[in-house]
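The values are calculated or read from the model by the stated rules, or taken from the named source; none is laboratory data. Bear in mind that the values here come from a model prediction, so they are computed numbers and not experimental data. Positions of Cβ are generated from backbone atoms using ideal geometry, with glycine treated the same way; all protein chains shown enter the neighbour counts.
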Amino acid sequence: MGAANKVPGVSGGIVAFVGGFYEEFIYSLQKINGKAFKLLLNGRFKSFYRYVNGTFLGLLIAGMLISYFSVSRLLDYFLERKELFVWAAFFGMILGSIYYISKDFEHWNKKTITAGMIGFIVGISISFLSPAKENDNLLFIFLCGIISVSGMTLPGLSGSFILILLGNYVLLLVDSVNALYDTISEVFRGDFSFVNNSLRLHTLKILVIFTLGSATGLVTLSHILTYVLKHYKHITTAVIIGFITGSLGVVWPWKKTIFKTDGLGQVFQDSNGKAIIVNYERYFPDFGSLETWWAIFFIMVGIFVLLGLEWYGNNRK
């Protein structure tokens, strides 16, 4: 989920859905409420841990953090060198997830079909939106945190892609994370010079506000989704199927990356020297190209990865 959440166009929520722990994830987050904080403030740590399903959430969050700083760096490497094949694999994984979610769904009727169509239209519409400009206003950063965390709770909605549309992907998922990584490295070396670096401190403040917004959004959305899943489960599933299908437009492998430029052809770079992405321009594949057939191969690999996850999930029970 950590790796998926960082890649624009891919939703960590899909991983949870296909992995078979989506509902447990949402219900566990819903337990982070007033009662949980009361247990914590009263020093009843074991009761708090059991109440919020601490083992599950702890392992999940730890895995996401490790993945975010390790596997996601590997993904960054391949996105830079073999972008088409990476997108093709993700495209295949999402195709596989659509099959996985819909194959046992037997509740299609007028309401669920309408819900599915609405989800599809919203999903495909997102891929045609134009990105905004970068904005480091702290209130806006907090709102970015609330909105972007939807990629963890809503399968098919990529929080990273939403941040691209909001104009703050590089600021929040590249520059801020790099600033934290550099700061931690310096602290371990006994170097505290960052306290005199106003730009670094401002970037870290932005990361803190973004994290607070993400935590707020995660808990708030989980309460809403718990209610929706409890009272409108079939309609919600239909919306998710439609939304994931529509999101295929976001991860369409054959696309040209549009970078941020100064108007004279000079490409802007982030603090790591990477070109800053602002959007994508999609095109149809050339079936006379060997590269296209390799991409199709990786789409099949992505599909089989999801089928493998399904097989594993069925056989471990």
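Of the residues making up segment 166-189, those that are under 17 Å from the mean Cα position of the chain (by Cα) and either buried (at least 21 other Cβ atoms within 10 Å of the Cβ) or not hydrophobic (A, V, I, L, M, F, W, C) (or both) are L166, G167, N168, Y169, V170, L171, L172, L173, S176.
A search for C-beta distances below 6 Å between a residue of segment 172-189 that is under 24 Å from N137 (Cβ atoms) and any residue that is among the aliphatic types (A, V, I, L, M) and surrounded by fewer than 18 Cβ atoms within 10 Å (Cβ to Cβ), counting only pairs 6+ apart in sequence or on different chains, returns A179/L204.
Can you say whether F161 is touching a Gly at 6+ places or on another chain (Cβ under 7 Å), modelled with pLDDT under 80 and either part of a helix (DSSP H, G or I) or acidic (D, E) (or both), as far as the supplied structure shows? So F161 fits the description; yes.
In segment 107-135, the qualifying residues are those that are buried (at least 18 other Cβ atoms within 10 Å of the Cβ) and not aromatic (F, W, Y), and the one that is modelled with the lowest pLDDT is P131.
Scoring N53 on the criteria (1) modelled with pLDDT under 85; (2) at positive phi leaves a single failure, condition (1). Cβ-Cβ distances below 8 Å connect the following pairs, each with a first residue in segment 26-52 that is farther than 17 Å from A215 by Cα, a second residue that is among the β-branched types (V, I, T) and exposed (fewer than 13 other Cβ atoms within 10 Å of the Cβ), and a separation of six or more residues or different chains: Y49/T55. Among the criteria (1) at pLDDT below 85; (2) touching a Phe, Trp or Tyr at 6+ places or on another chain (Cβ under 7 Å), the one G12 does not fulfil is (2).
What do you reckon, is L225 closer than 30 Å to L180 by Cβ, modelled with pLDDT of 80 or more and surrounded by 15 or more Cβ atoms within 10 Å (Cβ to Cβ)? Against the criterion (closer than 30 Å to L180 by Cβ, modelled with pLDDT of 80 or more and surrounded by 15 or more Cβ atoms within 10 Å (Cβ to Cβ)), L225 does not qualify. Scoring L59 on the criteria (1) at pLDDT 85 or above; (2) farther than 30 Å from A215 by Cβ; (3) surrounded by fewer than 14 Cβ atoms within 10 Å (Cβ to Cβ) leaves a single failure, condition (2).
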